[in-house]
1. Can you compute the modelled spin-label distance between residue 12 and residue 98, with each label point 7 Å from Cα toward Cβ, in nm?
2. Once Lys and Arg get +1 and Asp and Glu get -1 on their Cβ, which of 54, 119, 27 lies farthest toward the positive end of the dipole of the stretch 25-131?
3. Against the longest alpha carbon principal axis of the chain, how many degrees, from 0 to 90 and to the nearest 10, is the axis of helix 25-34 turned?
4. Please enumerate, by chain and number, the lysines with C-alpha under 20 Å from the C-alpha of residue 165, excluding those fewer than 8 residues away in the same chain.
5. What residue among 141, 66, 12 has its Cα farthest toward the positive end of the dipole of the chain, where the charges are +1 on Lys, Arg and -1 on Asp, Glu, each on the Cβ?
6. Does anyone have the angle between helix 144-154 and the longest principal axis of the chain? Alpha-carbon axes, 0 to 90°, nearest 10?
7. Kindly express, to the nearest 10 degrees and within the range 0 to 90, the angle between helix 170-184's C-alpha long axis and the longest C-alpha principal axis of the chain.
8. Dipole size in debye (nearest 20) for the chain around its Cα centre, Lys and Arg Cβ +1, Asp and Glu Cβ -1?
Amino acid sequence: NPADDEGYNEYLYKILVVGDIGTGKTSIIKRFVHNIFSMHYKSTIGVDFALKVINWDPKTEVRLQLWDIAGQERFGSMTRVYYKEAVGAMITFDVTRMSTFEAVAKWKADIDSKVTYGADEKPIPVVLLANKCDLGKDAFIKTANDMDKYCKDNGFIGWFETSAKENMNIEKAARFLVDHILKND
Ligand code: GTP
Ligand code: MG
């Protein structure tokens, strides 16, 4: 049992996945955790949970408790409860619907106002996911440079073009987030 070894570390991290309705939060988590995808849309009610275990390196295991939070407005009042003790977050938008990108700032402000970490109450690391990139980005006019600047100006640690359908960049984005969290620890 590696846990008996001296110097073996296990971490449990609570990660929020938020963003507007239908942007692909549940699909991203299902792809990441179970490697499955469905075009069938079943809107999340309240919150769902999933656990992803990452063998980070031979001496480190990271357990991600993913909180799949409903995008529907009527659950918005619950977010303070859901966000409690989270150490990182992903915010999703749908590259085919500009309004979902505009809502990103609202989700970020919601997180920053309700959850912090450490004695000095720093904001938790948040990564931005431009999802459904398999559908083409004709509706989404931001360049990579624009997005870099947007992240810098709005306190995101970074952004990734993702597709739950094509399994693009989800693992990479999660590892990027975990890397930041481990460095905070
Ligand atoms: P709420 O729970 O209502 O907030 O929605 P959600 O953000 O969890 O979205 P969900 O994962 O349920 O996906 C909504 C719809 O978009 C579903 O029909 C998915 O199949 C579809 N979808 C999600 N991700 C992708 C993607 O990367 N590409 C494409 N083409 N469709 C996607
Ligand atoms: Mg959902």
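1. Between residue 12 and residue 98, the simple spin-label model gives 4.5 nm.
2. 27
3. Between the helix axis and the principal axis of the chain, the angle is about 40 degrees.
4. Filter leaves 25, 30, 42, 52, 132, 137.
5. Of the listed residues, the answer is 141.
6. For helix 144-154, the angle is close to 70 degrees.
7. Between the helix axis and the principal axis of the chain, the angle is about 50 degrees.
8. 580 debye
Where a number appears in this text, it was derived from the coordinates with a stated rule and is not lab data. All figures in this text were calculated on a predicted structure; none of them were measured in a lab. Positions of Cβ are generated from backbone atoms using ideal geometry, with glycine treated the same way; all protein chains shown enter the neighbour counts.
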